[in-house]
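The structure under discussion appears below in the form of structure tokens.
Each reported figure results from applying straightforward, stated rules to the coordinates on display, with no laboratory input. Just so you know, these numbers come straight off a predicted model, no measurement behind them. Don't worry about glycine lacking a Cβ; one is built from the backbone with ideal geometry, like all the others, and counts go over all protein chains shown.
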Amino acid sequence: MLPDARADAYGEHSPCFARAGPSTMSIVLERLARHRWLTLFVAARLAAMAIALLLLAVHLVTKHDALLALLTLGYGVGTIAAVVRWPRLQREPAWWALDCAAALAFVLVGDEWRSPFYLLALTALILPATTLPFGRALGFGLLFTAAYFAVAVATGVDWSTLDSTARLESFSTHLMVPLLVTASLAYAADLLGRLRAERARAERLALEAERRRIGWELHDSAKQRVHAAHLILSAMGANGPVRHALDELETAVADMERSLHDLRSPLPAADLAHALRVRAAELARTGSAEVTVTGQAPQLAPFVSVHAYRVAAEALTNAVRHAAARRVAVHVEHGDAGLVLSVADDGRGLPRDMEPGNGMRSMHSRARALDAELVFRSDHSGRGTVVTLAVPHAPVQEDQP
Amino acid sequence: MIRILIVDDHPALRAGLNAVLEAEPGFVVVGAADKVEQLFPLLHRTRPDVVLLDYHLPPDDGLRLCRRIKRQIPPPRVLVYSAYADARMRLPALLAGADGLLNKGAGARELFETIRLVAGGRRALGPIGREQLAAAAELVDGDAAPIIAMLMDDTPVPEIAKVLGVPAVAVERRLDRMLDRLRVETPAEPIA
């Protein structure tokens, strides 16, 4: 029986919006801090809602202003709560369309194109404009404008408007604003996306250059000196303490070879789950174990994904080589608790009196570098091992379409 | 007396080799070079019996250098002495015309014995197994097999050329290309 790594690792931490108490609030605040476009949406919608309510209170708009105010409040708060609770909605075209339709319906009900709900309708453009690629975002803005025009015609545009400069100016402004909002937001989001990609690339290049430098120094200097020391020492004979010193030097060379091998193997792709699937497929080809990889993680900062990948790869190797596992389950998840990665096998488990070897030491040092928690769980009875790496602060390259 | 020329780019290793070899009766170190430019003048001047050659010699690699050294008349014996010497390097070393191959992790005794063996006209490359041949076959063209086979059988290049009915230079060029394909990767020098 395979230990259920998923339940073990996530059971306690599954995010729940409905749960009362400070944790809900902190989850909301953390989401807002991480996603600037979501913050913009929430702030703009709150402001537009307040303005609509104020206008409804001050002026008579329809005969049912009280009901309309109640609906506005429900709509505003409800949509904000929904996108914060289910972040998936932020990128869901059906949701955008629904949101725009609802907002424009308010304008229609208000029976006037210069509506207190116009600003509320504009806020429905923020999420699509910042999520879609530039061209499509503009298309969405155009569709919105066309829909607004249709609503305006339906509420009855006084065509004598066209004779009054002030009214014409006001109407065309109402038509232009959605386009301008969409274009500028889409442009900003596009630039931010490029900036982020460029930063990730620069970070990756720096990381690779650093690895090359360390590899070079290790090979060119440290290893050569150890070889020289070994050679000189070995000329003195090979008994007692000399033999011991030679053994130590040989181990040092083996350690360096291992590090060099690590440094030479290429950095894994930024998509952690994909990189692990590739590794799992490699292992499955050469070994007898069946390796499954489940879950997804967003694009992580290279620093995080490299270390997390190596920890998982080492755990996989251990499971297949040393624990003689037949089945290994890898699970990747990124949630409010950060990145959680687990490798569960059905092998013989960790020996009770195990001395941590080179591989395990390197796993721990990588976990420390990430400020992460690394837990090995095994009941020593031959019922498998679960290795869990929890990275609480795993920077995500967020807002990527 | 066996006259030895050391070619290695690391000063610690040159010093260590020099000290250890000089202390061994029957050996004399006639020179040490750390760069390719120094090597050939030194080779002409000192006429060593054995060249102890590092594999990793940026910007060149030791095996290509080995081919150049073996073109000298008369060619010295060449022992490739490398931190990367393992089973994978045996076939490339053979193609490069090396007489011996030794890992830098070997002790002084083993080094002395290998030098004596190579100086005595024997080959000390280690066995080239089926595995290495199969791995190499994936990297070189199929019709390279007869050349590899003849080299493993100690056939000199002019004779291989005669058997194949091509000029000797063609075989040499062919060997250069095969060596390029069979390169053993070592860490790259970082771009400053």
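When a/c is below 1.5 the answer is rounded, else prolate if a/b is larger than b/c, else oblate, so apply that to region B:12-59 with a ≥ b ≥ c taken from the square roots of the Cα gyration tensor eigenvalues.
Note, shape of region B:12-59 comes out oblate.
If you take the Cα atoms of region B:1-112, find Rg, then find the Kirkwood Rh from the mean of 1/r over all pairs, what is Rg/Rh?
0.92
Per q in 0.14 Å⁻¹, report the Debye log10 I(q)/I(0) for chain A, using one uniform scatterer on each alpha carbon and no solvent.
-1.20
Normalising by the residue count of chain A, find the relative contact order in percent from Cα pairs under 8 Å and 6+ residues apart.
15 percent
How long are the semi-axes of the ellipsoid equivalent to region A:268-378, from square roots of 5 times the Cα gyration tensor eigenvalues, in whole Å, largest first?
On the way: eigenvalues 90, 61, 28 Å².
They are 21, 18, 12 Å, listed from largest to smallest.
Could you check what % of the DSSP bridge pairs in chain B are antiparallel, to the nearest 5?
Given both bridge residues lie in chain B, the antiparallel proportion sits at roughly 10 percent.
Ranking request for peptides A:292-298, A:231-237: highest mean number of other beta-carbon atoms within 10 Å first, then the rest in descending order.
Order by mean packing, descending: A:231-237, A:292-298.
Using Stokes-Einstein with the Kirkwood hydrodynamic radius over Cα pairs, what translational diffusion coefficient do you get for chain B at 4 °C and a viscosity of 1.567 mPa s, in µm²/s rounded to a whole number?
Here the translational diffusion coefficient equals 76 µm²/s.
Taking beta carbons within 10 Å but only from partner chains, what does the mean come to for residues A:209-218?
Across the residues of A:209-218, the mean count of other-chain Cβ atoms within 10 Å is 3.
Given the alpha-carbon gyration tensor of region A:125-254, what are the semi-axes of its equivalent ellipsoid in whole angstrom, ordered largest first, with each equal to the square root of 5 times an eigenvalue?
Details: eigenvalues 1202, 26, 10 Å².
Value: 78, 12, 7 Å, ordered largest first.
Using a Förster distance of 25 Å, how high is the FRET efficiency between B:Arg130 and B:Arg177, based on the Cβ-Cβ distance and rounded to 0.05? Don't jump to the answer; show the numbers that get you there.
Numbers: r = 23 Å, r/R0 = 0.93.
Computed FRET efficiency for B:Arg130 and B:Arg177: 0.60.
Take each of the peptides A:190-202, B:6-18, B:109-121, average the number of other beta-carbon atoms within 10 Å over its residues, and list them starting from the highest. Kindly include the intermediate steps, with their values, before the conclusion.
Values: A:190-202: 13.4, B:6-18: 21.1, B:109-121: 17.4.
For the peptides A:190-202, B:6-18, B:109-121, the packing ranking is B:6-18, B:109-121, A:190-202.
For a distance above 21 Å, tell me the whole-number percent of Cα pairs in region A:178-326 that qualify.
The calculated P(r) of region A:178-326 puts 64 percent of pairs beyond 21 Å.
For B:Lys104, which lysines qualify as cross-link partners when the Cα separation must be under 24 Å and same-chain residues fewer than eight apart are set aside?
Result set, ordered by chain and number: A:Lys223, B:Lys35, B:Lys70.
Contact order normalised by length for chain B, with contacts defined as Cα pairs under 8 Å and 6 or more residues apart; what percent is it?
Relative contact order here is 16 percent.
Please list, in chain and number order, the residues 5+ apart from A:Val293 or on another chain whose amide H is under 5 Å from its amide H, with Hs placed from the backbone.
A:Val330
Provide a whole-number value for the mean count of partner chain Cβ atoms within 10 Å of the Cβ atoms in peptide A:248-254.
Details: counts 0, 1, 2, 0, 0, 4, 1.
Partner Cβ neighbours, averaged per residue: 1.
To the nearest Å, what is the center-to-center distance of region A:165-205 and region B:63-114, using C-alpha atoms only?
Each part reduced to its Cα centre gives a spacing of 65 Å.
For A:Ala297, what is the net charge nearby, where nearby means another residue's Cβ is under 11 Å from its Cβ and Lys, Arg count +1, Asp, Glu -1?
After counting each charged neighbour, the total is -2.
Which percentage, to the nearest 5, of the DSSP beta bridges contained in chain A is antiparallel?
Here the antiparallel bridges make up roughly 75 percent for chain A.
Output the peptides B:172-179, A:123-130 sorted from most to least packed, where packing is the average of other Cβ atoms within 10 Å over each peptide's residues.
Ranked by mean Cβ neighbours within 10 Å, highest first: A:123-130, B:172-179.
Ignore the peptide's own chain and count Cβ atoms of other chains within 10 Å of each Cβ in B:105-111; give me the average, rounded.
6
Taking 30 Å as R0, compute the FRET efficiency from the Cβ-Cβ separation of A:Leu32 and A:Ser365 and round it to 0.05.
0.30
Report the residue, chosen from A:Gln299, A:Gln224, A:Gln90, that carries the largest GNM mean-square fluctuation when chain A is represented by alpha-carbon nodes joined by springs under 10 Å.
The residue that fluctuates most here is A:Gln224.
What spacing in nm lies between the two simple spin-label points modelled at B:Val28 and A:Thr39, each 7 Å away from Cα in the Cβ direction?
Once both label points are built, they end up 8.0 nm from each other.
When the expected Rg is taken as 2.2 N^0.38 Å, what fraction or multiple of it is the alpha-carbon Rg of region A:347-388?
Rounded to two decimals, the normalised Rg is 1.23.
Looking at the square roots a ≥ b ≥ c of the eigenvalues of the Cα gyration tensor of region A:196-265, which shape do they give, rounded for a/c under 1.5, prolate if a/b is larger than b/c, or oblate? Walk me through the numbers on the way to the answer.
Working: a/c = 6.18, a/b = 3.67, b/c = 1.68.
Prolate is the answer for region A:196-265, as a/c is 1.5 or above and a/b outweighs b/c.
Debye calculation, C-alpha points only, no solvent: report log10 I(q)/I(0) for region A:45-196 at q = 0.14, 0.17 Å⁻¹, in the same order as the q values.
-0.71, -1.01
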